[in-house]
Structures are given as C-alpha cells and as structure tokens.
Amino acid sequence: MTDSPSNPSPPPAPGPLAGLRVIELATVIMAPYACQILGDLGADVIKVEAAGGDHSRVMGGGPDPQLSGVALNLHRNKRSVTLDLHEPAARDAFLKLVDSADVFVTNFRPRALKKLALDYENIGAPRPGLVYCEAHGFSLDSGEADLPSYDDIVQAATGIPALSEAATEAANYVPTIIGDKVTGLTITYAVLAALIHRMATGEGQRVEVPMFDAVLGFNLVEHLSRATVPGGTAGYNRILNPFRRPHRTKDGYVAMLPYSDQSWSDLYHAVGHEHELSDPWFQERLQNPRPVYASLGKILATRTTAEWLELAAELGIPAGPVPSLDDIVSDPMRHRGVLSEHEHPVVGPYRQITPPTRFNRSPASVRRPAPRVGADTAEVLREIGLSEDEIDSLTTPIPC
C-alpha cells in the first residue's frame with residue numbers, strides 16, 4: 001500500500017535491536033548492506049561519510065545524484081553524517097560518536113584505518129564494550145588485507161568462474177554481487193553473535209570478516225563434495241551440469257525438478273517414457289546427471305509451459321514459470337509482497353524492498369527513508385553534546 005496524507009501508515013513497532021547504536025564507516029555494498037539489515041532490525045544506524053558520499057549512492061543510476069536505485073534501499077533506516085576525518089576537530093567529533101555506540105562497522109582497508117588512527121588498537125581496544133567489526137577482502141593475517149578486492153575479484157579467487165565453466169563451458173561471474181551480499185550477511189550474524197557475548201560478559205570485541213573466507217566457505221557447502229576426504233575432487237555433480245537450467249517448452253520456459261526417485265518415476269510414466277527408467281544412464285544419474293537432465297529437456301520441449309505446470313501440480317513435482325526480473329518487479333503476484341510502493345521525501349514514489357524476516361512481537365521495519373549526504377549531521381552532533389558553534393565549524397565549508 002502506498003502511504004498518503006489521508007491514510008498514513010501507523011508508526012512501526014520497535015525492532016529487536018531497538019536501543020542499539022551502530023556506526024557505519026563503509027563504502028559500496030558489503031558493509032552498508034549489513035548495516036541496512038541491522039537498521040531494519042531496529043538499530044539506530046549512523047552512516048559517517050565524506051562530503052562526496054559513498055560510491056553506492058550513484059550505483060545503478062536513479063532519480064537523484066545522491067540517491068540511486070541501489071541507495072534508496074541500501075541506506076534506509078540510517079542517518080547520514082558528513083565528517084572530514086582528516087581534520088582533528090572532525091575526528092574528535094567522530095570519537096565522541098563512537099563513544100555513544102554499541103557497534104562500529106567498517107570495510108576501509110587496514111592501511112587507511114591505521115592512517116586515520118581508527119584501527120582497532122586506537123578506537124576499539126580503549127572502549128571495552130564496543131563491538132568493532134572490520135571486513136576486508138582478505139584476512140588480516142594473510143598479508144593481503146590491503147589489496148583491492150571487489151566482488152569480481154573475490155568471485156574469481158573463490159572459484160565461481162571455474163564452477164561456471166565446469167557447468168556451462170563458459171567462465172562467467174554469477175550475475176549478482178554475491179560476494180558482497182554473502183559477506184554482508186556474514187557481518188550481520190557475526191555482529192549479532194558478538195552482541196550476545198557482550199550481553200553475557202559485558203565484553204565487546206574485535207570481529208574480523210574476510211570477504212574471501214566468507215565466500216569460499218559459502219561455495220564449499222556443497223562443492224567441497226568428494227574433496228572433503230583428501231584425494232577426492234571438488235564439485236557437486238548435479239550442479240555442474242549444462243542441462244541443469246530452465247528448459248524450453250513449446251511457448252517459453254519452465255523450471256522443473258523431479259528430485260526424488262518417486263518424482264522421476266511419476267513424471268516418466270505420465271509422459272510415456274517409463275522405458276528410460278531402466279536405462280543404465282538413468283540408474284547412474286547421481287554420479288552423472290547430464291544424460292537424465294538432457295532427456296528431461298527433450299521431454300519438456302513437447303508441451304506448453306502451462307501444460308507442464310498443470311501436470312507437475314497433479315504429480316506433486318516442484319515446478320514453476322521463468323519470469324524476467326522486470327516481470328517480477330512489476331507484478332505483485334510474482335513478487336509476493338517483497339516490494340511495496342512508498343513516497344520518498346526527495347525522489348517521490350519508489351519501490352521499497354520489504355525486510356525478509358517476520359517477528360510477531362518486534363518486527364523488522366523501514367522507519368526512515370534513505371537520507372541525502374549529511375542530512376542528519378547537525379541532529380546527530382547535537383545528540384553527542386556538541387555546541388552550535390562546534391557544529392557550524394564542522395558543517396560550514398571553509399572558503400578557498
């Protein structure tokens with residue numbers, strides 16, 4: 001439902017992290033995505049950025065120079081404070097802000113943090129209750145923590161293009177920034193675990209989340225496979241299969257997965273291919289799934305998508321249509337309420353991604369829209385006790 005002046009939405013209930021303050025000193029997607037989730041869960045997230053803003057503010061284009069389509073959801077439930085951390089007075093204000101926080105999250109490179117004296121030794125260790133979380137491309141003890149490590153680089157380093165080549169004969173990246181988002185989720189649960197530890201002991205701690213480790217561990221859940229025992233080869237056969245894909249039908253595509261023995265048997269009997277069930281390649285499909293998926297593809301080409309969906313429903317076989325992303329975004333039946341339309345005070349109507357977790361007592365929610373760069377600087381600095389003169393000195397540009 002779209003909010004309107006005559007039909008305003010009721011104020012959202014506090015989320016499970018209400019009362020916690022998170023300082024985000026981060027760029028692009030990885031750590032800002034983690035802080036978006038913490039904000040959706042109720043935390044007061046303060047995004048500290050330079051006057052030019054975080055690069056994610058222009059990613060993917062959009063209606064405003066500071067509020068791209070990515071930024072409108074990535075920076076919701078955050079307040080933006082602009083500070084030039086190279087300036088002593090701004091750094092002092094930043095440290096006061098950290099004094100008021102429960103969690104500090106950054107993905108600045110270690111060298112940059114040390115140069116600004118914002119590394120753990122300088123701001124984490126002196127604040128024993130602070131959860132200090134730093135995320136880098138590679139671990140601090142690897143000797144590679146200062147290397148530039150965007151999603152493409154980490155996808156390559158963790159074997160994703162090689163897996164694509166094994167499956168499709170073309171070495172491709174996954175067409176989503178999976179490295180950033182997996183690491184963002186990892187940051188989120190790591191911070192929550194550290195907060196639980198602090199509740200039990202009163203101790204904050206340093207939390208390190210290397211992007212490489214998070215993504216490689218994610219890939220290896222199924223793909224370590226036979227290599228779990230030394231001497232075996234990595235790769236989960238069913239996934240590494242060029243015929244594992246949506247299959248063409250007479251009028252489009254269908255996604256169908258007869259996963260169990262019973263499902264395969266029911267389907268092949270229903271379409272008159274039961275004779276294939278006794279073929280050696282069918283019996284050996286777990287070791288070599290390519291022939292059975294190729295057979296399935298040929299069968300699915302003989303009917304329309306609707307006919308296959310009807311038969312799959314009758315047989316209890318998992319199946320679904322294959323819409324485009326634009327189809328999903330524009331159709332409430334397809335996005336199933338994951339998107340809702342709202343009014344942003346700067347850009348006007350926009351689509352908001354609904355938090356994916358459901359709590360019956362302390363629901364996640366979007367309580368404030370994404371701000372423009374520095375929109376909340378004065379408000380936040382007042383909260384930590386700075387005078388109006390001090391705030392003016394930090395927010396008024398110095399004439400050249």
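In table form, for the structure just shown:
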item: Net length gained if the chain between Val338 and Leu257 were fully extended (0.36 nm per residue, minus Cα distance); result: 26.7 nm
item: Environment charge at Glu208 (Cβ cut-off 11 Å; Lys +1, Arg +1, Asp -1, Glu -1); result: -2
item: Cα-based helix-to-principal-axis angle, 290-300 vs the chain, degrees rounded to 10; result: 80
item: Pairs of Cα atoms farther than 17 Å apart, region 303-400, %; result: 73
item: Distance between modelled label sites at Tyr150 and Arg91, nm, 7 Å Cα→Cβ extension; result: 3.0
item: Quarter of Cα convex hull surface for region 83-213, i.e. mean projection, nm²; result: 9.2
item: Heavy-atom accessible area order for Tyr268, Tyr150, Tyr33, largest first, 1.4 Å probe; result: Tyr150, Tyr33, Tyr268
item: Per residue accessible area of the chain, 1.4 Å probe, in Å²; result: 52
item: Accessible surface ranking that places the most exposed of His342, His247, His55 first, with a 1.4 angstrom probe; result: His55, His342, His247
item: Selection of GluC sites (Glu not before Pro), region 87-182, meeting DSSP coil and at most 12 other Cβ within 10 Å; result: Glu169
item: With every protein chain in place, the chain: carbon and sulfur % of accessible area (1.4 Å); result: 57
item: Cβ-defined net charge surrounding Leu97, 15 Å radius [Lys, Arg +1; Asp, Glu -1]; result: -4
item: Stretchable slack from Asp279 to Glu388, in nm (0.36 nm times residue separation minus alpha-carbon distance); result: 31.1 nm
item: Kirkwood-Stokes translational diffusion coefficient of the chain, alpha-carbon pairs, 4 °C, 1.567 mPa s, µm²/s; result: 53
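The values are calculated or read from the model by the stated rules, or taken from the named source; none is laboratory data. Because the structure is a prediction, the values reported are computed rather than measured. Virtual Cβ from ideal backbone geometry, glycine too; neighbours counted across all protein chains shown. Areas reflect the complete protein model, heavy atoms only, side chains present, ligands, DNA and RNA absent. Shrake-Rupley method; radii C 1.70, N 1.55, O 1.52, S 1.80 Å.
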